[in-house]
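The values are calculated or read from the model by the stated rules, or taken from the named source; none is laboratory data. The shown structure was predicted, so the numbers you read here are calculated from the model rather than taken from an experiment. FYI the Cβ positions are ideal-geometry reconstructions off the backbone, even for glycines, and counts take in every protein chain you see.
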Amino acid sequence: MRQSLAVTEPGFELKGVRVEGSPRPRLDGIDLCIPADGITVIAGASGSGKSSLLRLLNRLDVADAGSIAWRGVPLAETDVLMHRREVGMVFQRPTVAPGTVLENLRLAAIDLDEEAAADLCSLVNLDPNFLGRSATELSGGEKQRVCLARTIATGPAMILADEPTSSLDPEVTEKIEDLARRLAHPESPMQVGWVWVSHDPGQVGRVADRVVVLSEGKVAAEGSAEELSSHEASDVRRAVGGDR
Amino acid sequence: MNDLADIGLGGLAISGILIAVALALSLVRRLGLEKDLLVAAVRALVQLLIVGFALRIVVDDDDPLVFTWVWVVLMVVVAAWTVRRRAPEVPNVIPLALVSFTAAAIVSLGVLFGLGVFEPTGRAIVPLAGMMVGNSMTATVVVARRIVAEARDHRDLIEARLALGFSSHDAFAPHLREALRTGLVPQIETTKTVGLIALPGAMTGLILAGVEPVDAVRVQVAVMYLVLGSVSTTAAVMALGLTKGLFTSDHRLDVAARPPTP
């Protein structure tokens, strides 16, 4: 199991966050601090509220109650468009726009030159020769890497990743996990923090500096994967791969 | 002129022979449409007779124009209701359709009557407003339904653009463009081919009534421009109003307006 990095820079602070849903709230009284650096994995069973939480952090949704602050400033008071570029999002289902890979990358950075675009492709393990190819005709894994490169092109301080490797094969998954760790490393020039939703216990162990386990819309536990692998609750242990 | 326009009751009855042809086809080919055909033929006759008598008041040059404008308002209301019936999945469609048709009426009738193309009489206002509303209705329904479908079918892509920092206007712009093109292209194509495939209604009516064909063409062209202008106006107002309702002021897809996922 991976050793936890020291994570200190304040990022998101959630207080009493509630999102209504049926038959029960999707999120129910979430109090949570997520550092701006390192990789925080949100784990938990299907329907536990992981994706709902991520959408709140990108402000694609707003909470019905409670407050969320990013770096000390309430989200309600920030410029939402600036916030979304500072805290980018990669969705579970890779969604590219019609056009070439280069045109997709330029959605994020209109002045992106071909050399910088090729570097972005290399960064996400995509052949730079793909820049001229139609993005909609790529495989699911290739599309997801285009989406990741597109988000990185905005120069984010943090990336919210909603099960980003669920459509990728193990080899590419490993490369993306490695990329996330490199970008999150304290000595990386980009210094990108991650909030990474995963329901794969193995992945939690591989990438997480810190884990938050959600259960039925509530925080069931938080800590390092190692700490949680011996947690008293079996669903928490299962979420981090400590109970097989 | 009147001789041509007045076919008399006998002429009307003889034209009914053509309904008998349609009935015969239905019977021979066992289409089961006889009842529908009869109901349609009788309904058309009764409805148009009622409209004809009502129009006598509305288009009478001696009566005040207020009756004419009441008639136009009624047309707009009925059209908005019809849009609602044809596009039930579109949120808030009645108020949006009312605003769209009203905007088109102000723009197109304003140009035609305000700039003196036609005299503002009941005889001119009612048929022109009718053509404006009637032709705009189809485009309005197409655009409204297409916008809702675009928002539903491409929600992932729209949210992906929002997550990249696009404003809601920019995130939806390609879909808005697609919806407007879908609504407007048929009318543009019709305008391009007018006269080549079929003679348009207003011109046919004028020629039947004894007007010189070239004079009838001038009226018809003005009518075609009226239709194109009003179709564009209604489609644009409907599209912009509907798009605005799909998003919140802080650039999120509005949960209340979010179309159901398939």
Given (1) surrounded by 17 or more Cβ atoms within 10 Å (Cβ to Cβ); (2) over 20 Å from A:ARG85 (Cβ atoms), number of the condition A:SER46 does not satisfy: (1)
Are any residues in region B:88-97 buried (at least 17 other Cβ atoms within 10 Å of the Cβ) and either β-branched (Val, Ile, Thr) or free of Cβ contacts under 8 Å to residues at least 60 places away in the same chain (or both), and if so, which ones? B:VAL90, B:VAL93
Identify, by number, the condition in (1) exposed (fewer than 15 other Cβ atoms within 10 Å of the Cβ); (2) farther than 16 Å from B:ALA144 by Cα that B:TRP81 doesn't meet. (2)
Take the residues in region B:5-55 that are of a type in the set (A, V, I, L, M, F, W, C) and touching a helix residue (DSSP H, G or I) at 6+ places or on another chain (Cβ under 6 Å), then tell me which one is nearest to B:VAL126 (Cα to Cα). B:ALA41
I need a count of the residues in region A:44-54 that are under 15 Å from A:PRO25 (Cα atoms) and in a helix (DSSP H, G or I). 4
Could you tell me which of the residues A:ALA76, A:ALA97 is facing another protein chain (nearest Cβ under 9 Å), surrounded by fewer than 23 Cβ atoms within 10 Å (Cβ to Cβ) and in a loop (DSSP other than H, G, I, E, B)? A:ALA97
Please find, among A:ARG133, A:ARG145, A:ARG182, the residue that is more than 14 Å from chain B (Cβ to nearest Cβ), surrounded by fewer than 18 Cβ atoms within 10 Å (Cβ to Cβ) and within 16 Å of the chain's Cα centre (by Cα). A:ARG182
Could you give me the residue pairs with C-beta distances under 7 Å whose first residue belongs to region A:50-66 and is facing another protein chain (nearest Cβ under 9 Å) and under 16 Å from B:GLY165 (Cα atoms), whose second residue is of a type in the set (D, E, K, R) and in a helix (DSSP H, G or I) wherever it lies, and which are 6+ apart or on separate chains? A:ASN58/A:ARG84; A:ARG59/A:ARG84; A:LEU60/B:GLU159; A:ASP61/A:ARG55
Output the residue which, of all residues in region B:220-253 that are touching a helix residue (DSSP H, G or I) at 6+ places or on another chain (Cβ under 6 Å) and without any contact (Cβ under 8 Å) to a residue 40 or more places away in the chain, is nearest to the other protein chains (Cβ to nearest Cβ). B:ASP250
Taking B:LEU115 as the residue in question, decide whether it is modelled with pLDDT under 95 and either surrounded by fewer than 22 Cβ atoms within 10 Å (Cβ to Cβ) or within 14 Å of chain A (Cβ to nearest Cβ) (or both). yes
Which residue pairs have Cβ atoms closer than 7 Å, lie 6 or more positions apart in sequence or on different chains, and pair a first residue in region B:35-59 that is over 30 Å from B:GLU119 (Cα atoms) with a second residue that is at pLDDT 90 or above and surrounded by 11 or more Cβ atoms within 10 Å (Cβ to Cβ)? B:LEU37/B:ILE19; B:LEU37/B:ALA22; B:LEU37/B:LEU23; B:LEU37/B:SER26; B:ALA41/B:ILE19
So, in region A:158-206, exactly how many residues are more than 17 Å from A:VAL90 (Cα to Cα), in a loop (DSSP other than H, G, I, E, B) and of a type in the set (Gly, Ala, Ser)? 1
